[in-house]
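This report concerns only the one structure given below.
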Amino acid sequence: MIPYTTPAYARTCAHLGTPRTLPRSGVTVLVRPVVNAFGALDACAPYPLLHAPDLTAFAADLVAARDLVSFVGVADPLATASPEVLAEAFPDRLVAFKRHHLARLDPRDPLAHVHAGHRRKARRAAEHARVEVVAEPLLHATEWVRLYGALRARHGALGPADFPPEALVAQLAVPGALLVRVAEGDHAVSMSLWYFDGARAHYHLGASDARGYALDASYVGFAHALGALAQRGVRTVDLGGAAGGRDRDDGLARFKRGWANDSATAWLCGRVLDPARYRVLSADVTTDDWFPAYRAAVAA
């Protein structure tokens, strides 16, 4: 089972909403109060992706959720659903959200496709740091929370990825987690968390401290992670896209692109479940760029 589909993972996103497991599909969504609309609720997928193996059952779950105004999520680009199939489940909103960078791994040489500059930085970092797949991730929870705090301090607000410490720790225990640790001596300078199931994997989160950035520690961490995933039978890794809500050629996108040899569209999917209330809540909204529309003012 893809870790993002599990209730255990959804509970780590409680800062975004209250987890609710839907009866037909078994997918867990996050239910949220609508600001300035007493009693109104809507739902979103857990960050970062919606993975619904049975979209017909999932759509039926949404229709049956009489207390929700709408649902929104970003479909897992490693899922097999075509845009036409997605449109049936999400008739009210289906737009290309971002391109995700994919690594198609050759089990004989998982790094054969990687950009030469990335491989060079990984080799240099390996001269100064030790990298490992952590056997017991929870034993390194304090280091993980510290490094993620350094990421927050460096970049400021992290949006839906601004996980509280208890959520970061809980994510280490989700089945299918793989934690890669890069250390200089005994001091962890960079860590990355990956989720895998069968032949598929997703890069979830990563963080480095100032020394980790100086060493380019994330490069040796990624190189080690791709090799470890290939050994576990993974053949496709979703590395995600650029930072924020749209495609851009930022540093993160360039970093991910250097590890990739393919790409796929991540679709933003939305469905209105209570049309009358949706119209009332969205009556004063003048933009079509946001779904649900009534959350545009809150997001701004």
Sort 276-283, 200-207 by the packing proxy (mean of other Cβ within 10 Å over each peptide's residues), most packed first. 200-207, 276-283
So the compactness index of the stretch 22-61, its C-alpha Rg divided by 2.2 N^0.38 Å, takes the value 1.31
If Rh is defined by the Kirkwood formula over all Cα pairs and Rg also comes from Cα, what ratio Rg/Rh do you get for the stretch 52-143? 1.15
Scalar couplings 3J(HN,Hα) for the stretch 187-193 by Karplus 6.51 cos²θ - 1.76 cosθ + 1.60 (θ = phi - 60°), nearest whole Hz, x for Gly and Pro, are 9, 6, 10, 7, 9, 9, 10
Mind listing the phi-derived Karplus ³J(HN,Hα) values for the stretch 164-181, rounded to whole Hz, using 6.51, -1.76 and 1.60 with θ = phi - 60°, and x for any glycine or proline? x, x, 5, 6, 4, 5, 4, 5, 5, 9, 5, x, x, 7, 10, 10, 10, 10
Along the charge dipole of the chain, Cβ charges K/R +1 and D/E -1, which of Phe196, Ala52, Ala81 sits furthest on the positive end? Phe196
Rounded to the nearest 20 Debye, what is the dipole magnitude of the chain about its Cα centre when Lys and Arg each give +1 and Asp and Glu each give -1 at the C-beta? 500
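Can you bin the stretch 128-195 into rounded, prolate or oblate? Criterion: square roots of the alpha carbon gyration tensor eigenvalues sorted a ≥ b ≥ c, rounded for a/c under 1.5, prolate for a/b above b/c, oblate for the rest. Before the final figure, lay out each step's value.
Values: a/c = 2.03, a/b = 1.19, b/c = 1.70.
Oblate.
Mean separation of Cα pairs under 8 Å and 6+ residues apart, divided by the residue count of the stretch 174-300: what relative contact order is that in percent?
Numbers: 139 pairs, mean separation 19.7, N = 127.
Dividing the mean separation by the residue count of the stretch 174-300 yields 16 percent.
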In nm, the gap between the two label points placed 7 Å beyond Cα toward Cβ at Arg32 and Glu166 is 2.0
With contacts defined as alpha carbon pairs under 8 Å and 6 or more residues apart, what's the relative contact order of the chain in percent? 26
Label Arg154 and Arg24 with points 7 Å out from Cα along Cα→Cβ: what is the distance between them in nm? 4.5
Which is farthest toward the positive dipole end of the stretch 252-300 among Gly258, Ala283, Ala296, measuring Cα position about the Cα centre, with Cβ charges +1 (Lys, Arg) and -1 (Asp, Glu)? Gly258
In whole Å, how far is the Cα centre of the stretch 73-135 from that of the stretch 1-39? 24
Note: the stretch 181-300, point scatterers on Cα, Debye, no solvent; log10 I/I(0) at q = 0.11, 0.17, 0.19 Å⁻¹ equals -0.56, -0.92, -1.03
Unit charges at the beta carbon, dipole of the stretch 126-185: most positive-side option, Pro175, Leu138, Pro160: Pro160
Once all Cα-Cα distances of the stretch 180-219 are split into 5 Å bins that start at 0, what whole-number percent is in each one? 6, 25, 27, 17, 12, 9, 5
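Restricting to bridges with both residues inside the stretch 1-88, how much of the DSSP beta-bridge set is antiparallel, in percent to the nearest 5? List each step's numbers first, then the result.
On the way: 8 of 12 bridges.
Roughly 65 percent of the DSSP beta bridges within the stretch 1-88 come out antiparallel.
Give me Rg/Rg_expected for the chain, where Rg uses Cα atoms only and Rg_expected = 2.2 N^0.38 Å with N residues. Mind showing how you got there, number by number?
Details: Rg = 19.7 Å, N = 300, 2.2 N^0.38 = 19.2 Å.
This ratio for the chain stands at 1.02.
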Report in % the part of the accessible area of the chain that belongs to carbon and sulfur, leaving out ligands and nucleic acids; probe 1.4 Å. 53
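Going by a ≥ b ≥ c, the root eigenvalues of the Cα gyration tensor, does the stretch 74-128 fall in the rounded group (a/c under 1.5), the prolate group (a/b larger than b/c) or the oblate group? All intermediate terms of the calculation are to be shown ahead of the outcome.
On the way: a/c = 4.76, a/b = 2.81, b/c = 1.70.
Since a/c reaches 1.5 and a/b is larger than b/c, the shape of the stretch 74-128 is classed as prolate.
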Column: log10 I(q)/I(0), Debye, Cα scatterers of the stretch 90-232, q = 0.09, 0.13, 0.14, 0.21 Å⁻¹: -0.29, -0.60, -0.70, -1.39
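Can you give the Kirkwood hydrodynamic radius for the stretch 18-86, in Å, rounded to one decimal and based on Cα pairs? Please list the in-between numbers first.
Details: mean 1/r = 0.0795 Å⁻¹.
The answer is 12.6 Å.
The values are calculated or read from the model by the stated rules, or taken from the named source; none is laboratory data. Computed from a predicted structure; not experimentally measured. Here Cβ is always computed from backbone atoms with ideal geometry, including for glycine, and neighbour counts include all displayed protein chains. Surface accessibility is based on the protein's heavy atoms, side chains included, excluding ligands, DNA and RNA. Shrake-Rupley method; radii C 1.70, N 1.55, O 1.52, S 1.80 Å.
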